[in-house]
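Asker: Sharing a structure with you now.
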Amino acid sequence: MDAFDAIPNHVVIDILNKVADVKTLIRCRSVSKRFNSLAAQSDSLLLQLDQIFAAVESEPEVNSPVANFFRSIFKSILPIFSRSAKPAETPKSPAQILAGFNRIRNLDVELYGGDANLEKGAAVKWKAEFGETLKSSVIVAFRSATVNASATESPVNAVETDSEFVCGLKTRVVWTINALMAASTRHHLMRDLVKEHKEMERLTVRDRDEEGTVVMSAAGMKEYREAEARVDEKGLGLERVRDRTEVPNVRMSMRHAPMLKLKSGICLEAATLVVVRPSGVTSDDNDAELATEAFAADCMYGEAVTALLKRRRNVLEMNSF
């Protein structure tokens, strides 16, 4: 017996929890029978996904005599070149990758990249909490960021003209919809994982570009499982739109500044803060608490949130989509 074998199991598990990275832990499981057993008991994991694992809807085929002719030619010669090639591996879902781990408490999932396609210079950052469906979301966005010490900040009580409000509103609503669609897609991708790992207490899904974050608490995941159980019992179906969870009717508290100057000297053009909740949830008074908590760890966005909370709040309703 070597010195490592003398280390108690609970100490080894604590060490493996510090490792956290799922790929590393999977490699550890091949070291020995003991490691195979102990690594599976890690309860704090980081899963980094390098590729798309969800089914992607294919583009519709062009139906014309010429297209059909070339399609038949390519289909006939493709096997000649592909005989020696290895079949492409089907990307595994998070639930499949984590099938061997049976005591997950806290899971961080890191996606390969962000979701939104924005105009150059624009940025949208968001955080959303889910249960069965969307519970709340906080979105901060701006059209551009520049360093300009001489820039003049728009007054807190400045009133936009009708034309400025309408033009700016369209862009802000597009930003909000993009963020909600990205959040609902990530929630949908985690559905099997949430159903299978009933021991989980917290799930966080973010991207490497730090664009958006989805969180689910133990209560939110329990709510989701119960909803899925009702579906199985009654033969009903949770509302799905393609590969994402349906966003319910929502109420949006929107604050905006045409030009927001931060203490650091950074100027944000068309700075926007949106707090989203399902319609019927009357808790607009804690916008400040929800928004501040969402971006407390980010200096620039946190400062922007604090400044935007002083702006006038405009309330809008949006139907489910």
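Asker: Does the range 236-254 contain at least one residue that is at pLDDT 90 or above, open to solvent by less than 20 Å² (accessible area, probe 1.4 Å) and touching a Phe, Trp or Tyr at 6+ places or on another chain (Cβ under 6 Å)?
Answerer: Yes, some residue in the range 236-254 is at pLDDT 90 or above, open to solvent by less than 20 Å² (accessible area, probe 1.4 Å) and touching a Phe, Trp or Tyr at 6+ places or on another chain (Cβ under 6 Å).
Asker: Could you please give the count of residues in the range 1-36 that are at pLDDT below 85 and either open to solvent by less than 60 Å² (accessible area, probe 1.4 Å) or in a helix (DSSP H, G or I) (or both)?
Answerer: Total satisfying the criteria: 3.
Asker: Additional query: Does the range 89-102 contain at least one residue that is modelled with pLDDT of 95 or more, buried (at least 18 other Cβ atoms within 10 Å of the Cβ) and closer than 30 Å to V281 by Cβ? Step through it out loud before you land on a result.
Answerer: Filtering the range 89-102 down to residues modelled with pLDDT of 95 or more leaves none.
Looking through the range 89-102, none of the residues is modelled with pLDDT of 95 or more, buried (at least 18 other Cβ atoms within 10 Å of the Cβ) and closer than 30 Å to V281 by Cβ.
Asker: Kindly establish whether T185 is under 30 Å from N102 (Cα atoms) and either modelled with pLDDT under 95 or among the hydroxyl-bearing types (S, T, Y) (or both). Show your work before the answer.
Answerer: On the way: under 30 Å from N102 (Cα atoms): yes; either modelled with pLDDT under 95 or among the hydroxyl-bearing types (S, T, Y) (or both): yes.
Yes.
Asker: Related question: The conditions are (1) closer than 27 Å to S279 by Cα; (2) within 19 Å of the chain's Cα centre (by Cα); (3) at pLDDT 80 or above; (4) surrounded by 15 or more Cβ atoms within 10 Å (Cβ to Cβ), and L169 fails exactly one of them. Which is it?
Answerer: With (1) closer than 27 Å to S279 by Cα; (2) within 19 Å of the chain's Cα centre (by Cα); (3) at pLDDT 80 or above; (4) surrounded by 15 or more Cβ atoms within 10 Å (Cβ to Cβ) applied to L169, the lone miss is (2).
Asker: Considering only residues that are of a type in the set (A, V, I, L, M) and open to solvent by 10 Å² or more (accessible area, probe 1.4 Å), look in the range 178-192 and name the one that is farthest from A128 (Cα to Cα).
Answerer: Of all residues in the range 178-192, those of a type in the set (A, V, I, L, M) come to 179-183, 189-190.
From the residues that got through so far, the ones that are open to solvent by 10 Å² or more (accessible area, probe 1.4 Å) too are 181, 189.
Details: M181: 11, L189: 15 Å.
Residue satisfying both the conditions and the ranking: L189.
Asker: Return yes or no: is K195 surrounded by 14 or more Cβ atoms within 10 Å (Cβ to Cβ), more than 21 Å from E303 (Cα to Cα) and at pLDDT below 95? Reasoning before the result, please.
Answerer: Working: surrounded by 14 or more Cβ atoms within 10 Å (Cβ to Cβ): yes; more than 21 Å from E303 (Cα to Cα): yes; at pLDDT below 95: yes.
The answer is yes for K195.
Asker: Quick one: in the range 130-160, which of the residues that are part of a loop (DSSP other than H, G, I, E, B) and under 16 Å from M254 (Cα atoms) is modelled with the highest pLDDT? Reasoning before the result, please.
Answerer: Of all residues in the range 130-160, those part of a loop (DSSP other than H, G, I, E, B) come to 131-133, 143, 148-160.
Pick out the ones that are also under 16 Å from M254 (Cα atoms) and you get 143, 156-160.
On the way: R143: 93, V156: 51, N157: 48, A158: 55, V159: 59, E160: 58.
Among those that are part of a loop (DSSP other than H, G, I, E, B) and under 16 Å from M254 (Cα atoms), it is R143.
Asker: Quick check: is even one residue across the range 290-310 within 21 Å of the chain's Cα centre (by Cα), modelled with pLDDT under 95 and polar (S, T, N, Q)?
Answerer: Yes, the range 290-310 contains a residue that is within 21 Å of the chain's Cα centre (by Cα), modelled with pLDDT under 95 and polar (S, T, N, Q).
Asker: Would you be able to tell me the number of residues in the range 287-321 that are loosely packed, with under 13 Cβ neighbours inside 10 Å and in a helix (DSSP H, G or I)?
Answerer: The number of residues fulfilling the criteria is 2.
The values are calculated or read from the model by the stated rules, or taken from the named source; none is laboratory data. The shown structure was predicted, so the numbers you read here are calculated from the model rather than taken from an experiment. Glycine gets a Cβ as well: all are built from the backbone with ideal geometry, and neighbour counts include every protein chain shown. The protein model used for the area step is the full one, side chains on, heavy atoms only, and it has no ligands, DNA or RNA in it. Shrake-Rupley method; radii C 1.70, N 1.55, O 1.52, S 1.80 Å.
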